[in-house]
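A.B. asks: One structure, as structure tokens, below. Some questions next.
The values are calculated or read from the model by the stated rules, or taken from the named source; none is laboratory data. Quick caveat, the model's predicted, so the values are computed rather than measured. Neighbour counts run over all protein chains shown; Cβ positions are idealised from the backbone, glycine included.
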Amino acid sequence: MFDGLLDGYTRSILIFAGINVVAAYSFYVPFKTGQVSLGQAGFMAVGAYTAAIMTQKFGLPFWAGFLVGGFIAGIVGVVVGFPALRIKGIYLLLLTLGFSEIVQVIALSWDYVGGAQGFRQIAFNRYTLDYLVVLIPLLIWFFARLERSSLGRAMDSIHQDETAAEVMGIDVVRTKLFAFGLGAMIAGFAGALYAHHATFMDSSTFNIMMGVEILMFVVVGGGSTYWGPLLGALFLTLLPEFLRTLREWLELVPVSWMNFFPANRVYDFLHEFLDFENAKRLIVYGIILIVMMILRPDGMLTRDQLRRFSLPRLGRRHG
Amino acid sequence: MAELANEPCLAIEGLTKRFGGFYALNDLTMAVAQGAIHAVIGPNGAGKTTFFNLITGVLTADTGRIVFEGRLLDEARPSRRTVRGIARTFQNIRLFPQLTVLETVMIGEHCRYYPSILKGLRDLLYRPFGEAEDERVMRGNALELLEFLGLADQRDQKASDLPYGDQRKLEMARALATRPRLLLLDEPAAGLNPHETEHLDEVITRIRDRGVTIILVEHDMGLVMGISDRITVLNFGTRIADGNPREIQDDPAVIEAYLGEDEAP
């Protein structure tokens, strides 16, 4: 799809943005029940390695590897979710962090999947973008339905007061496990897509920083509504591209405007700053995170804002 | 059914809960009659909140048993006990701050219409757009309860934006939405002004008239003496008196527990 429309570069950017959107939704589901996971990169790794084993070692087509990868990641999610039920807050963060670390160590030491050499020459999936174009609207639809359903409300109530939710008859244990497993499954799908687009991965591909980035997508975009993960993942993934474009515009400014004292320094600083590579991206992420926590601790989009826009519909629903 | 009417709604036998060496509740035996307003009173630290937590399953008893409607209450988790028909409110209001008033009550309905996650998912997936049938029913029930408690006009407000007295009522509405046959009210008058308290005894009586047995933990003696059919007095985790309001008011042990030995007549 879109073969004639997009050049390779744009295509690649969109694919990574799309995979990040899926990863952001994988964080959003457990977060809806109040579980903050730093281990979504670990579940992506489970999905990615499982899918790659299916396609490379067992010769299955990509779609089968994709489904098995997501399924196995979901099962691992439920298994990890059991101990996660008993703990909250910072301890859950540490548990999921530890899980992510364990997955990395296994990937590093298991020679069957390449060990330290990495998993090489994974068959390239030409249709990654097509998968994303189907998967992302499906996810948005599902979470839109969830937000307006009783199950979604039950998840919100667990997020807001777990004890009160349990006493009101909501099966907190099963709901949290379900959310954790579903989130892991979605992460597994993202990982399977990633592996067959990048065609190479090793133990450090799905590292802890990736888990932190996934968390940031939702924190920046807003975790109280299903649009938040989409917005946050797109914003943070495409931000380097915006800044790169800004730099190109900056270069269009005539030099004669810039060869006196304050202007030339400012120009040089901006020119240097907008030159994006990995380390600097993290600095910018850090700044954004700090600014967000001060100005909009609930993220760019909140459910209250969206509610205000849709008052007529609310009126009819209750009328 | 005649048998059921004689059977107590809740029978408690030898209930004991220790925290370390401290007996929060010591060998408590009592019965709550069907359809009664039964108050449990006592000085601070007498074990009233522990008593509630044991009935709702928030805590587990060390010894003793609780029989609800003739059957042993052996479900471990609070949510299972709520499904059995026991609901409660909290002494320190615990609403869901981000939900609206209507949504809050619908949380209480959830356990009856969506006993499993699969049912929730099925409703989500079978009807790709629009509202599930059960959602509509739940909304109707919730509105009926809000009207019953006089909160219908505030249904779209956030729970945390309500005045304190209304938050207490909303907690009751949420608890009633689980359709309990036994409702535990933990200090419903705490923090209310005299006018709101006066209104409260009418609310509680009307809830009882819906066929709900009520256990009331309360410090406001005016309220307790006015509406209770029976009162159990606890002190240091043991029962020191049990009877109707008049008997309790005249009981020397109760007066001593409340006023101290010196001032007892």
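A.B. asks: Can you report the number of residues in the stretch B:101-125 which are at the interface with chain A (Cβ under 7 Å from one of its Cβ atoms) and of a type in the set (Val, Ile, Thr)?
C.D. replies: Residues in the stretch B:101-125 being at the interface with chain A (Cβ under 7 Å from one of its Cβ atoms) and of a type in the set (Val, Ile, Thr): 2 in total.
A.B. asks: Which condition number does residue A:87 fail, the rest of (1) assigned to a helix (DSSP H, G or I); (2) surrounded by fewer than 22 Cβ atoms within 10 Å (Cβ to Cβ) being met?
C.D. replies: Single failed check for residue A:87: (1).
A.B. asks: When the stretch A:171-198 is examined, which residues are found to be within 12 Å of chain B (Cβ to nearest Cβ) and not small (Gly, Ala, Ser)?
C.D. replies: A:171, A:172, A:173, A:174, A:175, A:176, A:177, A:178, A:182 - these are the residues of the stretch A:171-198 that are within 12 Å of chain B (Cβ to nearest Cβ) and not small (Gly, Ala, Ser).
A.B. asks: Continuing with this model, one more query. Can you tell me which residue within the stretch A:94-121, out of those that are within 27 Å of residue A:230 (Cβ to Cβ) and either touching a Phe, Trp or Tyr at 6+ places or on another chain (Cβ under 8 Å) or among the charged types (D, E, K, R) (or both), is surrounded by the most Cβ atoms within 10 Å (Cβ to Cβ)?
C.D. replies: Looking at residues that are within 27 Å of residue A:230 (Cβ to Cβ) and either touching a Phe, Trp or Tyr at 6+ places or on another chain (Cβ under 8 Å) or among the charged types (D, E, K, R) (or both), I get A:100.
A.B. asks: Report every pair of residues separated by at least 6 positions or lying on different chains whose Cβ atoms are under 8 Å apart, first residue within the stretch B:199-228 and modelled with pLDDT of 90 or more, second among the hydroxyl-bearing types (Ser, Thr, Tyr).
C.D. replies: Cβ pairs passing all conditions: B:216/B:228; B:217/B:49; B:227/B:205.
A.B. asks: Show the residue pairs meeting these rules: Cβ distance below 6 Å; 6+ apart or different chains; first residue within the stretch B:133-155 and under 20 Å from residue B:122 (Cβ atoms) and within 11 Å of chain A (Cβ to nearest Cβ); second residue assigned to a helix (DSSP H, G or I) and hydroxyl-bearing (Ser, Thr, Tyr).
C.D. replies: B:134/B:113; B:138/B:113
A.B. asks: Identify all residues within the stretch A:2-31 that are in a helix (DSSP H, G or I), more than 18 Å from residue A:43 (Cβ to Cβ) and over 11 Å from the mean Cα position of the chain (by Cα); write none if there are none.
C.D. replies: A:8, A:9, A:10, A:11, A:12, A:13, A:14, A:15
A.B. asks: Also: Give the residues of the stretch B:57-81 that are charged (D, E, K, R) and either closer than 16 Å to residue B:13 by Cα or part of a loop (DSSP other than H, G, I, E, B) (or both), sorted by residue number.
C.D. replies: Selection gives B:62, B:65, B:69, B:71, B:74, B:75, B:77.
A.B. asks: Return yes or no: is residue B:134 in contact with a helix residue (DSSP H, G or I) (Cβ under 6 Å, 6 or more places away or on another chain) and either of a type in the set (D, E, K, R) or assigned to a strand (DSSP E or B) (or both)?
C.D. replies: Yes, satisfied.
A.B. asks: When the stretch A:26-53 is examined, which residues are found to be surrounded by fewer than 22 Cβ atoms within 10 Å (Cβ to Cβ) and more than 20 Å from residue A:146 (Cα to Cα)?
C.D. replies: Matches in the stretch A:26-53: A:53 only.
A.B. asks: Please determine whether any residue of the stretch A:43-63 is touching an Asp or Glu at 6+ places or on another chain (Cβ under 8 Å) and outside any helix (DSSP H, G or I).
C.D. replies: no
A.B. asks: Identify all residues within the stretch B:83-100 that are within 7 Å of chain A (Cβ to nearest Cβ) and surrounded by 23 or more Cβ atoms within 10 Å (Cβ to Cβ); write none if there are none.
C.D. replies: Answer for the stretch B:83-100, where residues must be within 7 Å of chain A (Cβ to nearest Cβ) and surrounded by 23 or more Cβ atoms within 10 Å (Cβ to Cβ): B:88, B:96.
A.B. asks: Looking at residue B:188 and the list (1) buried (at least 21 other Cβ atoms within 10 Å of the Cβ); (2) within 14 Å of chain A (Cβ to nearest Cβ); (3) not hydrophobic (A, V, I, L, M, F, W, C), which single condition is not satisfied?
C.D. replies: All conditions are met except number (2).
A.B. asks: Being buried (at least 22 other Cβ atoms within 10 Å of the Cβ) and either within 13 Å of chain A (Cβ to nearest Cβ) or within 27 Å of residue A:179 (Cβ to Cβ) (or both): is that true of residue B:177 here?
C.D. replies: Judged against the criteria, residue B:177 is a match.
A.B. asks: Please specify each residue of the stretch B:56-82 satisfying the condition of being crowded, with 18+ Cβ neighbours inside 10 Å and within 11 Å of another protein chain (Cβ to nearest Cβ).
C.D. replies: Within the stretch B:56-82, B:56, B:57, B:78, B:79, B:81, B:82 meet the criteria.
A.B. asks: Next up: Which residues, counting only those in the stretch B:104-129, are of a type outside the set (A, V, I, L, M, F, W, C) and in contact (Cβ under 8 Å) with a residue 12 or more places away in the chain?
C.D. replies: B:104, B:108, B:109, B:110, B:112, B:113, B:114, B:115, B:123
A.B. asks: Limited to the stretch A:157-175, what total is found for residues that are assigned to a helix (DSSP H, G or I), among the charged types (D, E, K, R) and surrounded by 22 or more Cβ atoms within 10 Å (Cβ to Cβ)?
C.D. replies: 1
A.B. asks: Do we have residue A:154 as assigned to a helix (DSSP H, G or I) and either buried (at least 18 other Cβ atoms within 10 Å of the Cβ) or within 14 Å of chain B (Cβ to nearest Cβ) (or both) here?
C.D. replies: Considered against the rule, which asks whether it is assigned to a helix (DSSP H, G or I) and either buried (at least 18 other Cβ atoms within 10 Å of the Cβ) or within 14 Å of chain B (Cβ to nearest Cβ) (or both), residue A:154 comes out as yes.
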